[in-house]
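Undergrad: Sharing a structure here in structure tokens format.
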Amino acid sequence: APLREQAAAIGGVEIGRFFEDFHSLLRHADLAILQAGSTPFQLLDTNVPIVLTVRDYKSREQVERATRLAALPGIRLLDREAQERDDPSEWIAWGIERQDAERRTGFDLCGIARAAEMILKELD
């Protein structure tokens, strides 16, 4: 809850597990702090800075994905030690400094509906 308390003190920061309009909120964010699951792919063709975290799983799949994504401009990977050691305000400052970083990958996976549409088009 310390992160939620800090967010409330800052104002204008929302921390949540699920929002109906998450895709739109995400694409208009000043900074996204995300697990290295599938969500970061919704932001690959934007300039939204991304701070990635990884969870410990049985496989290294999420770590591998995060490592590869962190090679792109405006994406930072936080290892477990950094997550526990760093003050989250450092992550926010890092992101604010990179809001204009160009990251054009050619992949525009705007949410699940768009991804499904693209897959269906490929199957035709």
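Undergrad: Obtain the nm distance between the two label points defined at ARG114 and ASP87 by a simple spin-label model: each point lies 7 Å from its Cα along the Cα-to-C-beta direction.
TA: Inter-label distance under the simple model: 3.6 nm.
Undergrad: Taking amide H positions as placed in the peptide plane 1.01 Å from N, state which residues far from ILE33 in sequence (5 or more) or on other chains have amide H under 5 Å from it.
TA: VAL51
Undergrad: Turning to a different aspect of this structure: Kindly provide the chymotrypsin sites (Phe, Trp or Tyr not before Pro) of the stretch 1-88 that DSSP labels as loop, not H, G, I, E or B, and whose Cβ sees at most 16 other Cβ atoms within 10 Å.
TA: Taking the stretch 1-88 and a limit of 16 other Cβ atoms within 10 Å, the loop chymotrypsin sites (Phe, Trp or Tyr not before Pro) found are PHE18, PHE19, TYR57.
Undergrad: Under the definition of Cα pairs under 8 Å and six or more residues apart, what whole-number percent is the relative contact order of the chain?
TA: Numbers: 140 pairs, mean separation 33.3, N = 124.
The value is 27 percent.
Undergrad: How far apart, in nanometres, would the label points at ARG55 and ARG80 be if each is projected 7 angstrom from Cα along the Cα-to-Cβ direction?
TA: 1.4
Undergrad: Can you list residues from other chains, or at least 5 along the same chain, whose modelled amide H is less than 5 Å from the amide H of LEU77?
TA: LEU52
Undergrad: Within 10 Å, at most 11 other Cβ atoms, and a DSSP state outside H, G, I, E, B define an exposed site. Report the longest part of the chain free of exposed GluC sites (Glu not before Pro). Kindly include the intermediate steps, with their values, before the conclusion.
TA: On the way: sites that count: GLU14, GLU20, GLU102.
Formally, the longest exposed-site-free interval is 21-101.
Undergrad: In addition: How about the stretch 1-59: which trypsin sites (Lys or Arg not before Pro) there lie in a loop by DSSP and see at most 13 other Cβ atoms within 10 Å? Intermediate results must be reported in sequence, preceding the final value.
TA: Details: sites: ARG4, ARG17, ARG27, ARG55, LYS58; in loops: ARG17, ARG55, LYS58.
Qualifying residues, ordered by number: ARG17, ARG55, LYS58.
Undergrad: Oh, and also: Which of rounded, prolate, oblate describes the stretch 1-64, given a ≥ b ≥ c as roots of the alpha-carbon gyration tensor eigenvalues and a/c under 1.5 marking rounded, otherwise prolate only if a/b is larger than b/c? Display every interim value, and only then the final one.
TA: Details: a/c = 2.05, a/b = 1.29, b/c = 1.59.
The shape class here is oblate.
Undergrad: On to the next question. Restricting to bridges with both residues inside the chain, how much of the DSSP beta-bridge set is antiparallel, in percent to the nearest 5? Mind dumping the intermediate values first?
TA: Working: 0 of 8 bridges.
DSSP beta bridges in the chain are roughly 0 percent antiparallel.
Undergrad: State the extension gain, in nm to one decimal, for the chain segment bounded by THR105 and GLU64, taking 0.36 nm per residue of separation less the distance between their alpha-carbons.
TA: Values: separation 41, 0.36 × 41 = 14.76 nm, distance 1.84 nm.
In short, 12.9 nm is gained.
Undergrad: Sticking with this structure for a sec: What part of the accessible area of the chain, given as a whole %, is carbon or sulfur when the probe is 1.4 angstrom?
TA: Working: 4550 of 8540 Å².
Reported share for carbon and sulfur atoms: 53 percent.
Undergrad: While we're on this one: Please give the helix 88-97 orientation as an angle from the longest Cα principal axis of the chain, in degrees from 0 to 90, rounded to the nearest 10.
TA: Helix 88-97 and the main axis of the chain meet at about 50 degrees.
Undergrad: May I ask for log10 I(q)/I(0) of the stretch 29-87 at q = 0.28, 0.29 Å⁻¹, from a Debye sum over the Cα atoms as equal point scatterers with solvent left out?
TA: One equal scatterer on each Cα of the stretch 29-87 leads to -1.24, -1.31.
Undergrad: Is there a quick way to get the dipole size of the chain? I mean about its Cα centre, with the Cβ of Lys and Arg at +1 and of Asp and Glu at -1; what is the value in debye to the nearest 20?
TA: Values: 16 positive and 22 negative charges, 62 e Å.
For this selection, approximately 300 debye.
Undergrad: Can you work out the accessible area per residue across the stretch 31-70, with the rest of the protein chains kept in place, probe 1.4 Å, in square angstrom? Mind dumping the intermediate values first?
TA: Details: 1990 Å² over 40 residues.
Each residue of the stretch 31-70 exposes 50 Å² on average to a 1.4 Å probe.
The values are calculated or read from the model by the stated rules, or taken from the named source; none is laboratory data. Keep in mind the model is a prediction, meaning the values are calculated, not measured. All Cβ positions, even for glycine, are placed from backbone atoms using ideal geometry, and neighbour counts span all protein chains on display. To get the accessible areas, we keep the full protein, side chains included, count just its heavy atoms, and leave off ligands, DNA and RNA. Shrake-Rupley method; radii C 1.70, N 1.55, O 1.52, S 1.80 Å.
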